[in-house]
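Report on the following structure.
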Amino acid sequence: MRSIESICATAGEDVPSDTRPLTAPIYQNSVFEVDSLEQIDAIYRGATDGYLYSREFNPNVMILEDVMAQLEGGDDAVAFSSGMAAIGGTLLSLVKAGDRIVAGSDLYGGTNVLLRQHLSRLGVETEFVDFCDLTAVRRAFDDQPELALIESITNPLLRMPDIKAISKIAAMPGVRIVVDNTLATPLLMRPLRLGADVVLHSTTKSLGGHSDVTGGVAVANFDLTMDIHQSARVWGSVPDPFAAWLTVRGIRTLPLRVDRACENAMAVAQFLSARPEVSQAHYPGLPDHPQHKLARKTLGGRFGWMISFDLAGGLQAASSFVKALEMIKLAPSLGETRTTISHPAKTSHRSLSPEERVELGIGDGLIRMSCGIESAADIVADIEQALRKT
């Protein structure tokens, strides 16, 4: 008979069962038991399946990585604790001091800060170019950068670089193409098929889909993911098991959510484009969008769930509009089941100077909207009553 102290320390370890759970359980373990030193060696060599320490191997994290590799069509995936961790960990594994990155001029604000303020201190230079201008891309690639960092659909102006054309330009000098595919998801675009080398996601957004989990992922072939895995483990930027489990749970409904949200976004964009309070609506599905033809060719007939629009009254109109909304909520993220809005100048791009924002086209009247799965009529009605009050 074990002592009460030993029972407290060891009880409940074994749960015998002849059935399997339909959904994978949460392996909320930091460490796993092994039978021998030989088994440790075999696990590290990949000669046998097994887990040792959750910063390196965890069943829920590996399930998420397998799902994402399948979705994006890569050999392998590396899960991270956030989208920024995925971007930072991937770049740190692919560049070194003295290397040069070519990045999109209208990248997400957090990525911009990472490149300008942090990687620059490590001796990595970044040149910012308009990836929708292929002449500028060719000129930037002439100087042999190590990699190019692109957003498949840019945040917040929803511009679309031609990734296939850029990949062809990159082939001769051997520039690696890294694509942040967060706003498209694998449902609308699979950049590896267009010639990209690495695909990144903030799984916090549409993949998780419920604003209850933070995460990121990088997908590539094995020759690149070996170093990316090591970067994630060494820097400790891996997701916890519950976060990985929640993300896989969200992915199960991704096709249903994307279909409905894209339908809603089209209806909202068409409504906004006809409103006098709106000076410009940005949506790839609108005929006047500068990359509309490319979007029709690339996105498979759907144009995403993100919309941005400029209110003619500037900051005052934006403030009034935000306050007047009833169903739609102000939240600095996207990809939720419900419709949300944000103000890029105050949130995602507040680290840029006013002059830099103006140069990128991010004015004080710009609103970014992430359409959810509600009734399109209800979304439009809420926008309409708020516009009347601006």
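Coordinate-derived values only; no laboratory data. Note that the structure is a prediction, hence the values are computed from the model and not measured. Cβ atoms come from the backbone with ideal geometry, glycine included; neighbour counts cover every protein chain shown.
Miscellaneous remarks
- Sites excluded, GluC sites (Glu not before Pro) in DSSP loops with at most 11 other C-beta within 10 Å, longest stretch of the chain: 34-325
- Fully extended contour minus Cα-Cα distance, from SER375 to ASP133, at 0.36 nm per residue: 83.4 nm
- Note on segment 37-251: the C-alpha convex hull projects to 11.6 nm² when averaged across all orientations.
- Computed lengthening from PHE222 to MET327, 0.36 nm per intervening residue step minus Cα-Cα distance: 33.3 nm
- For segment 240-390: rounded, prolate or oblate by the Cα gyration tensor [a/c cutoff 1.5]: rounded
- Percent of alpha-carbon pairs separated by more than 31 Å within the chain: 40 percent
- Projecting the Cα atoms of GLY372, LEU194, ALA220 onto the charge dipole of the chain (Cβ charges, centred on the Cα centre) puts GLY372 farthest toward the positive pole.
- Here's how it looks for ASN221: its modeled amide H is under 5 Å from those of ASP75, which are all 5 or more places away or on a different chain.
- Between HIS118 and ARG275, the modelled label-to-label distance comes to 3.6 nm, taking each label 7 Å out from Cα in the direction of the beta carbon.
- DSSP beta bridge pairing in the chain, given as percent antiparallel to the nearest 5: 55 percent
- Placed amide H near GLN280: partners under 5 Å, 5+ positions off or other chain: ASP310
- The chain - percent relative contact order, Cα under 8 Å, separation 6 or more: 16 percent
- Sites listed here are trypsin sites (Lys or Arg not before Pro) in segment 271-378 whose DSSP assignment is loop and whose Cβ has at most 14 other Cβ atoms within 10 Å: ARG350.
- Multiplying the residue separation of ALA267 and TYR44 by 0.36 nm and subtracting their alpha-carbon distance yields 75.1 nm.
- Alpha-carbon Rg/Rh ratio, for segment 88-154, with Rh computed the Kirkwood way: 0.94
- Trypsin sites (Lys or Arg not before Pro) within segment 95-150: DSSP coil, no more than 11 neighbouring Cβ in 10 Å: LYS96
- Residue exposure sequence - VAL358, VAL178, VAL129 - by fewest surrounding Cβ within 10 Å: VAL358, VAL129, VAL178
- Our analysis of segment 258-301 gives Rg over Rh at 0.98, with the two radii drawn from alpha carbon positions and Rh computed by the Kirkwood formula.
- Estimated FRET transfer efficiency (SER3, ARG233; beta-carbon r; R0 30 Å; 0.05): 0.20
- Put a plus charge on the Cβ of each Lys and Arg, a minus charge on the Cβ of each Asp and Glu, and nothing anywhere else: the dipole of the chain about its Cα centre is then about 1180 debye.
- Helices in the chain that qualify as membrane-span-like (whole DSSP H runs, Cα extent of at least 30 Å along the helix axis, mean Kyte-Doolittle hydropathy of 0.0 or higher) do not occur.
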